[in-house]
1. Straight-line reach from Lys176: which lysines fall under 29 Å, measuring Cα to Cα and dropping same-chain residues less than 8 apart?
2. Give me a comma-separated list of calculated 3J(HN,Hα) values for the stretch 570-575, in order, Karplus coefficients 6.51, -1.76, 1.60 applied at θ = phi - 60°, integers in Hz, x for any Gly or Pro.
3. Between Met208 and Lys240, how many nm apart are label points set 7 Å from Cα along the C-beta direction?
4. Along Cα→Cβ, 7 Å out, is where each label goes; now give me the distance between the ones at Lys261 and Glu120 in nm to one decimal.
5. Hand me the trypsin sites (Lys or Arg not before Pro) from the stretch 467-527 located in a DSSP loop with no more than 10 other Cβ atoms within 10 Å, in residue order please.
6. Mind checking the full-extension length gain between Lys506 and Val436? Use 0.36 nm per residue of separation minus the Cα-Cα distance, one decimal, nm.
7. Please compute the modelled spin-label separation between Ser416 and Gln364, points set 7 Å along Cα→Cβ, answer in nm with one decimal.
8. For Glu210, Glu445, give the ranking by accessible area with the largest first, probe 1.4 Å.
Amino acid sequence: MKKLLFITVLVSAISFAQKPIFASAKVKAATVYFNAAEIQQTTSVNLPIGTSEIVIKNVADYLNENTVQIGAPNSVTVLSVQFTQNYISEYEIDESNPAIKKVRDSITIVNKEIAKIQIEKVSNSKTIDLLDKNQMVAGANTGMNIAELMKLVDFYKAKRSELNNIITLLQEKESKLTLRLQNLNEKLEINTQKEDKSSEGKLILQVMNEVAGNVNFDINYITNNANWKPFYDLRANSVKEPINMMYKAQVSQTTGIDWKKVKLTLSSGNPNQNNQAPTLESWFLRYGNNVISALSGKVAGLQITPAMGIKREEQNSIVLRGNKTVSGENNSLVVIDGLISDNETLKQLPPEAIKSVNVLKGAQGTALYGEQGSNGVIVVTTKQMDDYTTINENQLNVSFDIDIPYDILSNGKAHSVALKEIKLPATYKYYAAPRVDKEAFLMAEINDYSKYNLLPGEANIIFDGLYVGKTNINPNQTADTLNLSMGRDKKISIKREKVVDKSGTKFLSSYKEQMFTYDLTIRNNKKEDIEMLLKDQYPLSSDKEITIELLEDGNAKVNNETGILSWELKMAPNETKKIRISYKVKYPKDKVIDNL
């Protein structure tokens, strides 16, 4: 049975004399949010009885320290946890990686052997020098007979040859050791480079253990260096078949650690946001004013004095009774939310944003702000978000558990992850708004779409085996039907032409009257019947001097609030339909409407 320790990361005051124990964490699972990830890692450590310091490597470079959770057996008490990117220890290189330790030990041994050889070489070279000097001394000594001189020469030759041979052997041995040292250094460099690929992040645990032996730790935390976004492939073979939707995700991360064969969960939640709903407070209206006037008579020690003969924005000056004015040469200090500001910033602050104002005079101001506060201090605290709302309700999200293990490298590149395949029963209809775009769009209407847990995202469209383009899916709407744009259909021709002889301008007294008439022509060049939603519009007025009259609506369904005209058309193959609309705009002739 494991106990889960929720830790607010702190630096322990306990001092550990023994060498730290190094371990490397392995990523087991990851729950990825739109802008963060919860990482689950495991590690195993051989602990002695008593207190120990454990340095866990291969955790994320950046993590939210308040979210760190350590799971340990009942026999282990986690005393403290600290996250760092700058851990330095003389033991780290030796203990954290056995391969590096072995190479470094070998380098130490080889360096010692080379040093011994170099000492022997110097010793033998000095002996040869001594022999050479003795030879010169003996040669200068004429008291020696021939036999003694020959013995000396033979000794010199034999000894010098022996020493030279020893030096040669030592040089050969040194060369071999130097080559071995070079190979070891190259091997160390390779291993160190591999080691350097791990993250800079480390967790330092101070633990107390009751039973010596191997201990497993579970590590959970949240990091912001990961994200995912949904995208879709929409495939349809004809307007008589459902849409095959492939629900996918693009996952990327730069946590500093590679996720190898991990169990992924993708969530639409956001662990960093405030997940509670606000409640409304009473909303009182007040006349607008600058903050200085609003404070007049409401703050003890603060007096607002109107000034004459200056610009309106400078009409008020702040007087701290017993001090100079803010606008005088010896300005009082203005502090807003703990930061030193100025009078102009205070004037521009909306009164409703003020939470409190305090006035510090004399010794009070000097004690807190030094010489700057000698002329008085106006301390302003503004309202924060918590002052406007009350939090009381949790928010839900959608999660996708993926059974297939995935490799997500820490390189910031998007990795495609397949979530599920869905058959979407769809009703197909064509749509056109020729005032904006003179082409028809095939639309797929999806009913009861909320049960598919769709999220906003981009989609590739493949229709009848051909890539058509991209569209956007937005399920966050209030409509009962989700409309998916499946692309343009070139086999439906649409024209919107102005009828010149039915359009024109008239001048009536002080008014100008303009008439606009358009013919909409739609032709179905397909081999099957189609249904089409056609839309156009006429302008609306928010000015009583501008009047608009819809003269001809072409039997459209008219929305007088939006000015939208709609037609539900059913068209046979090769059928052509023509619709006429007309409207009149009347406005003062000395005015110009720039968007008519």
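1. Leaving aside lysines fewer than 8 places away in the same chain, those within reach of Lys176 are Lys101, Lys102, Lys112, Lys116, Lys121, Lys126, Lys157, Lys159, Lys187, Lys194.
2. So the J values, rounded to whole Hz, are 10, 10, 7, x, 6, 7.
3. 7.8
4. 4.9
5. Values: sites: Lys470, Arg488, Lys490, Lys491, Lys495, Arg496, Lys498, Lys502, Lys506, Lys512, Arg523, Lys526, Lys527; in loops: Lys490, Lys491, Lys526, Lys527.
In loop regions of the stretch 467-527 (DSSP not H, G, I, E or B), the sparsely surrounded trypsin sites (Lys or Arg not before Pro) are Lys490, Lys527.
6. Taking Lys506 through Val436 to full extension adds about 22.5 nm, to one decimal.
7. Reported label-point gap for Gln364 and Ser416 is 6.8 nm.
8. Working: Glu210 125, Glu445 55 Å².
Largest accessible area first, the residues go Glu210, Glu445.
The values are calculated or read from the model by the stated rules, or taken from the named source; none is laboratory data. Given the structure is predicted, the values throughout are model-derived calculations rather than measurements. Counting neighbours? That spans all protein chains shown, and the Cβs are built from the backbone with ideal geometry, glycine included. Only protein heavy atoms, including side chains, enter the accessible area calculation; ligands, DNA and RNA are left aside. Shrake-Rupley method; radii C 1.70, N 1.55, O 1.52, S 1.80 Å.
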